[in-house]
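The structure under discussion appears below in the form of structure tokens.
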Amino acid sequence: MTLGIYIQVPFCQTKCTYCNFHTGVVSRDRYQPYANAICREIADVPEVRHLSADTVYFGGGTPSLLDPAALAEILGVLSANLLLEAPEITLEADPETITLEKANSWLAAGFNRVSLGVQSFNDRELQTTGRMHRRPDIARATKTLRTTGFDNISMDMIIGLPHQTRESWEQSVSELLALRPEHISIYMLEVDEGSHLGKESLAGGTRYSAPAIPPDDTQAEFYDSACTRLAAAGYDHYEISNWALPDRRSRHNLKYWRREPYFGLGAGAHSFDGKTRWANVHDSAKYVSMIEQGISPREQIEPVTAEQALEEEFFLGLRQLDGIDLARIERDYSSLNANGAGARFAAIHRQVDSLHAQNLLDREGERLRLSPKHLTISSSILAELLT
Ligand code: SF4
């Protein structure tokens with residue numbers, strides 16, 4: 001089994017108004033003990049020792065806040081405990097945290113891919129949502145990474161930020177394409193009710209500019225426009241929210257959509273070994289304390305039933321625009337009738353026929369895909385598929 005390894009770094013410089021992740025703004029004094037705990041967790045996890053991994057992803061939070069020496073140390077412990085096979089090693093970074101010195105250290109440590117949290121090229125949108133970088137930081141950071149030698153850069157963008165207009169979105173996409181990153185992720189803003197923006201959306205108020213969030217149909221137009229423009233610029237739209245230049249798909253994220261095994265290390269990190277899913281405790285101080293005492297930080301350990309696995313095949317697999325192979329799924333799950341998967345497959349199949357008749361799913365033989373015309377309502381299509 002070739003694993004993906006995910007390292008969670010749950011620290012940020014500020015809290016973005018739309019964010020409800022388990023991340024915190026903490027004293028820098030807590031960074032090194034946290035990095036030490038990750039190293040110890042790697043060395044203490046018996047399952048991964050001597051297995052192979054071909055992707056490593058440092059996400060957060062803002063992993064680029066950690067000292068480059070600490071990041072290098074974590075990679076060193078990983079390679080001492082696992083066989084890293086031509087790995088894709090990604091570091092999430094915020095543009096304003098990047099210096100030439102840091103970028104050189106990351107490359108020397110083994111990182112070969114940087115995922116930049118760009119979100120927008122519009123300063124009003126960045127400022128309103130509490131981001132620390134401004135438009136010039138993005139080009140400067142990209143130039144620094146290119147100068148250093150990084151030839152695999154991803155950029156994250158968000159549709160639906162407060163004050164985003166058709167003009168500002170098209171301008172952001174123009175500036176994004178001008179920088180020619182190898183990979184682009186575009187997410188629709190999810191206003192979680194636990195975030196500052198979400199609370200304001202529910203309770204009213206203007207402090208976080210919730211009333212200036214563009215309406216859903218406008219956001220859908222922004223997405224459709226991005227699909228057209230990125231395709232024209234040579235990007236392959238391979239997942240609902242992801243585009244890549246040739247051979248630059250995110251190898252790590254593909255593992256999630258294909259239900260391949262991955263191990264998450266650090267506070268709140270999730271893991272899947274093909275049969276069971278689990279997560280580490282979310283609280284970073286508690287995580288460090290448990291690791292220091294030699295206590296496993298794992299919780300929420302849940303075996304995946306055959307029926308759940310079958311549903312995951314659809315709602316994860318169909319996120320990929322290549323779609324899924326119904327014949328393969330039927331083959332894999334038909335012997336699991338005793339566990340209810342066979343009956344579940346028949347029920348999902350009826351929904352497939354119904355959604356296909358409504359042109360919401362495309363089907364060519366045994367290959368099933370989301371209709372490219374309806375990607376903006378993919379969540380409701382997938383929900384209906386699994387009712
Ligand atoms: S940088 Fe990312 S993880 Fe941190 S607060 Fe902002 S959105 Fe959340």
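The values are calculated or read from the model by the stated rules, or taken from the named source; none is laboratory data. Quantities reported herein were computed from a predicted structural model and do not represent experimental measurements. We place every Cβ from the backbone using ideal geometry, glycine too, and count neighbours over all the protein chains shown. The accessibility values were calculated without ligands, DNA or RNA, using every heavy atom of the protein model including side chains. Shrake-Rupley method; radii C 1.70, N 1.55, O 1.52, S 1.80 Å.
Just check the stretch 228-372 against the gyration tensor rule for me: Cα atoms, a ≥ b ≥ c as the square roots of the eigenvalues, rounded for a/c under 1.5, and otherwise prolate or oblate depending on whether a/b exceeds b/c. Cα axes put the stretch 228-372 in the oblate bin. Rounded to 0.05, the FRET efficiency of the T165 and A139 pair, given R0 = 30 Å and the Cβ-Cβ distance, is 0.85. For the stretch 169-323, the solvent-accessible area of protein heavy atoms averages 45 Å² per residue (probe radius 1.4 Å; ligands and nucleic acids excluded). Under Stokes-Einstein, with the Kirkwood radius over Cα pairs standing in for Rh, what whole-number D in µm²/s applies to the chain at 37 °C and 0.692 mPa s? My calculation gives 148 µm²/s for D. At full extension, D224 and L107 could sit 38.6 nm farther apart than now, given 0.36 nm per residue minus the alpha carbon distance. Left without a cysteine partner by the 4.7 Å Cβ rule in the chain: C12, C39, C227.
Length gained on full extension, L321 to D29, computed as 0.36 nm times the residue gap minus the Cα-Cα distance: 100.7 nm. For the stretch 67-135, the share of accessible area belonging to carbon and sulfur comes to 50 percent (1.4 Å probe, ligands and nucleic acids excluded). Think of a 1.4 Å ball rolled over the protein heavy atoms: the stretch 1-139 then has 38 Å² of accessible area per residue.
Computed over the chain, relative contact order equals 15 percent, with contacts defined as Cα pairs under 8 Å that lie 6+ residues apart. Surface listing: M1, M157, M188 arranged by accessible area from highest to lowest gives M1, M188, M157, probe 1.4 Å.
Projecting the Cα atoms of M290, Q308, I377 onto the charge dipole of the stretch 264-387, computed from C-beta unit charges around the Cα centre, puts I377 farthest toward the positive end.
Per atom type, the stretch 237-333 shows carbon and sulfur on 47% of its accessible surface, probed at 1.4 Å. Compute the Cα gyration tensor for the stretch 180-298, then decide on rounded, prolate or oblate, letting a ≥ b ≥ c be the square roots of its eigenvalues: rounded whenever a/c is under 1.5, prolate when a/b is larger than b/c in the other cases, and oblate in all that remain. Cα axes put the stretch 180-298 in the oblate bin. Taking a point 7 Å from the Cα of L245 along the Cα-to-Cβ direction, the residues of the stretch 171-201 with backbone N closer than 17 Å to it are 174-185. The charge dipole of the chain, taken about its Cα centre with unit charges on the Cβ atoms of Lys, Arg (+1), Asp and Glu (-1) only, comes to about 480 debye. Antiparallel beta bridges, as assigned by DSSP with both residues in the chain, represent about 40 percent of the total such bridges. Each part gets one Cα centre, and for the stretch 362-381 versus the stretch 250-303 those centres are 31 Å apart.
Among residues other than G117 with Cβ under 12 Å from its Cβ, the summed charge is -4 (Lys and Arg +1, Asp and Glu -1). One compactness figure for the stretch 103-187 is 1.11, namely its Cα radius of gyration divided by 2.2 N^0.38 Å. Given a 1.4 angstrom probe, I'd like the percentage of the accessible area of the stretch 170-226 that is carbon and sulfur, rounded to a whole number. That share works out to 50 percent.
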